[in-house]
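Worksheet: one structure, shown below.
Since every read-out is calculated from the coordinates, none of them should be taken as a lab result. Bear in mind that the values here come from a model prediction, so they are computed numbers and not experimental data. Glycine also receives a Cβ, built like all others from the backbone with ideal geometry; neighbour counts cover every protein chain displayed.
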Amino acid sequence: MNRLFLPAGSQDQVGDRLNNKAKLNETFRRVVRGRDFQAIETPVVEYAQTFTNPHVGMNLSKLLKWFDRDGEIEVLRSDWTTAIARALMNQNAAQLKWFYQGSVFRNDTSGIESRQAGIEIIRTDPLLGEMESLLTAVAYLKEIDVRNYIIELGHTGLFDYLIKSLELNQETEEQLRLALYDKKQDAIYQIINKREHNEIAQDLVELTKAFGGKEVLVRYGLRWQDRPELVAILNQLQQLVAVLEQIGVPEVIVDLGRVKELPYYSGTMFRGYLKPSGKTCFSGGRYDKLYAQFNEDITAIGLAFDIDVLTEVLKPEPVKPRICLVACPQTHLKAELMRKDFPNGQVDIRYQIPATGLYDQVIQIADEVKE
Amino acid sequence: MKPVIALTKGRLEKQFLSYFSSLQYDTEPLIKKGRKLRIETDQFAFIFAKGPDVTTYVQYGIADLGVVGGDILAEFEPDVYDLFPLPFGKCRMAVATEQGKIWPKHKKTIASKYTSITKDFFKNKGESVEIIKLEGSVELAPILGLADGIVDIVETGTTLKENGLVVSEEFLKFSARLIANRSALKIKRNELAAVIKRLQEGQI
């Protein structure tokens with residue numbers, strides 16, 4: 001094999017892209033520390049069961065894995081939230097807000113490695129956690145000068161409520177969830193017996209179309225007015241929409257038909273899309289159930305930014321003038337001291353006069369010394 | 001920005017165009033496209049590609065909507081919204097073999113373009129088979145002795161018949177479907193809503 005060839009998705013990173021990434025991470029750290037989040041980092045290598053146990057339900061086939069000496073399956077970190085939930089069981093319960101920065105590895109994503117920066121908020125009043133998650137996202141996007149984006153809100157409770165009376169077994173419920181996930185209307189009718197549960201099937205089919213601006217909340221508020229459990233969820237989303245609009249989020253949408261993608265989600269879900277590309281720049285939500293595996297009945301919520309996606313849209317830093325000081329071994333120290341004369345430049349020292357065009361300014365020091 | 005619609009070239013394309021024109025959309029530039037792979041009408045930008053590539057263009061957001069056979073979606077499972085069936089492109093997935101063939105007692109060999117569908121089908125039955133991937137003219141495989149049987153789509157059954165094959169089992173039904181990019185469906189909802197609605201209501 002040619003030694004220069006990389007696996008699919010792997011790439012070396014240089015220059016602006018790398019500077020952008022560093023800037024995104026620095027800014028993230030500054031924003032969240034300013035909001036009293038504390039840093040946490042879990043190891044890159046863990047036992048597979050952290051991620052594959054039934055409470056979490058990640059698919060082992062998608063993880064990067066191997067056997068350790070005792071025959072246990074070890075994996076590369078595939079999800080921050082799950083790993084942090086485990087780690088927080090041994091941390092001071094009084095610290096409620098945490099942040100992380102680093103990569104997750106899964107072989108179903110292009111490139112296997114994806115870089116994230118995110119937050120976890122546990123043991124808070126539910127609404128407080130949701131507000132703080134979303135407002136942190138807004139504050140960060142503002143700080144990195146991303147202005148053209150959409151925040152989408154959803155809630156796992158709508159689907160759960162609508163299918164409750166069907167009393168489905170786990171397999172059928174999963175089929176139905178996937179039908180909603182794909183907004184596959186005809187599949188819903190195939191799964192639910194139309195004669196017996198026509199109304200529920202129709203409700204679910206409607207749900208596949210229930211996305212759009214806040215007017216969707218009003219429309220479904222009327223449709224479901226005799227179902228207080230659903231209205232309560234709509235009101236909760238409405239509350240978040242109002243706050244996001246007031247703080248100046250350019251566009252807020254809801255998708256009432258959105259279903260959870262991991263079994264531990266339970267409640268509000270959110271996602272940020274960049275315009276015009278439509279790429280997802282952050283996603284997250286409530287996952288109180290995740291902590292049930294440790295017999296903890298607490299609230300938990302969080303979100304993660306996709307640093308790779310944000311790197312693509314961040315404007316590069318303004319270009320600084322490149323200055324070359326041409327010195328010799330005798331004048332090298334003098335050149336070093338001259339750096340302070342160019343506080344806004346990028347200063348290089350060379351022993352030979354560089355080719356023209358490489359630098360904005362070339363200053364020869366060697367000559368001055370000879371005189 | 002005009003909505004971008006990816007169309008599957010070939011048989012589905014013709015059926016789509018006649019359906020689309022029955023919905024009072026202008027299809028003239030599409031019919032006269034010659035060998036061009038991109039055509040703009042007053043309302044839409046169309047791209048023409050093979051079925052699996054239609055799903056790729058939609059998944060990556062190059063196209064907002066796509067028209068593709070359900071067989072392709074079942075085989076490749078792209079990460080897209082799979083909205084609803086369209087009233088054309090109907091076909092069945094079937095196991096077929098030579099007339100009078102006696103299945104071997106050892107592990108069967110099945111040739112197919114649809115290796116993933118084939119694997120799932122036999123896996124669900126709990127039957128181990130060897131699968132050989134072919135790109136087309138799958139009917140040749142049993143005749144020439146490459147495989148014991150084939151898994152392929154059947155529309156009218158004429159091709160099978162003319163090559164001396166018979167269906168031994170049918171297991172999935174498909175039609176053409178409308179798919180959508182996951183974020184475009186929401187972000188460009190105002191531009192897309194009308195055409196999606198018409199494509200769906202046209203069949204009722």
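Data table
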{"item": "Cα-centred dipole magnitude for region A:156-253, charges only on beta-carbon of K, R (+1) and D, E (-1), debye, nearest 20", "result": "240"}
{"item": "Within 10 Å of each Cβ in B:180-189, the average number of Cβ atoms from other chains", "result": "6"}
{"item": "Test item: A:179-185 mean partner chain Cβ contacts at 10 Å", "result": "5"}
{"item": "Using alpha-carbon coordinates, inclination of helix B:189-201 to the longest axis of chain B, degrees", "result": "50"}
{"item": "Relative contact order %, region A:156-253, counting alpha carbon pairs below 8 Å whose residues are six or more apart", "result": "27"}
{"item": "Least to most buried among A:Glu215, B:Glu135 (fewest other Cβ within 10 Å first)", "result": "B:Glu135, A:Glu215"}
{"item": "Computed [θ] at 222 nm, helices only, for chain A once each DSSP H run of length n ≥ 4 contributes -39500 (n - 2.57)", "result": "-11000 deg cm²/dmol"}
{"item": "Region A:193-310, relative contact order in percent, only Cα pairs under 8 angstrom and at least six apart counted", "result": "19"}
{"item": "With Cα atoms, 0 to 90° folded angle of helix A:126-143 axis to chain A main axis", "result": "30"}
{"item": "Cut-off under 5 Å, modelled amide H: who pairs with B:Phe46 long-range", "result": "B:Ile5, B:Ile39, B:Glu40, B:Thr41"}
{"item": "Shape category assigned to region A:1-109 from the gyration tensor of Cα positions, a/c cut at 1.5", "result": "oblate"}
{"item": "Centroid-to-centroid separation of region B:2-49 and region B:66-137 [C-alpha atoms, Å]", "result": "28"}
{"item": "Calculated [θ] (222 nm, deg cm²/dmol) that DSSP helices of n ≥ 4 give over chain B, each run adding -39,500 (n - 2.57)", "result": "-9000 deg cm²/dmol"}
{"item": "Size of charge dipole - the protein assembly as shown - debye, nearest 20, with Cβ of Lys, Arg +1 and Asp, Glu -1, no other charges", "result": "1040"}
{"item": "Cα long-axis angle, helix A:15-34 against chain A (0 to 90 degrees, to the nearest 10)", "result": "60"}
{"item": "Shielding by partners, peptide A:199-209 (average Cβ within 10 angstrom, other chains)", "result": "1"}
{"item": "Among A:Tyr287, A:Leu88, A:Pro316 - extreme Cα towards positive end, dipole of chain A, charges at beta-carbon", "result": "A:Pro316"}
{"item": "Hz values of 3J(HN,Hα) by residue in region A:218-224 - Karplus curve (6.51, -1.76, 1.60), Gly and Pro given as x", "result": "5, 4, 6, x, 5, 4, 9"}
{"item": "Packing-based order for B:93-106, B:30-43, A:179-192, using average beta carbon neighbours within 10 Å, highest first", "result": "A:179-192, B:93-106, B:30-43"}
{"item": "Positive-pole candidate from A:Asn169, A:Gly212, A:Pro228, dipole of region A:156-253, charges at beta carbon", "result": "A:Gly212"}
{"item": "Simple Cβ-charge dipole of chain B, Lys/Arg +1 and Asp/Glu -1, about Cα centre, in debye nearest 20", "result": "240"}
{"item": "Rounded Å value of the spacing that divides the Cα centres of region A:159-195 and region A:273-338", "result": "40"}
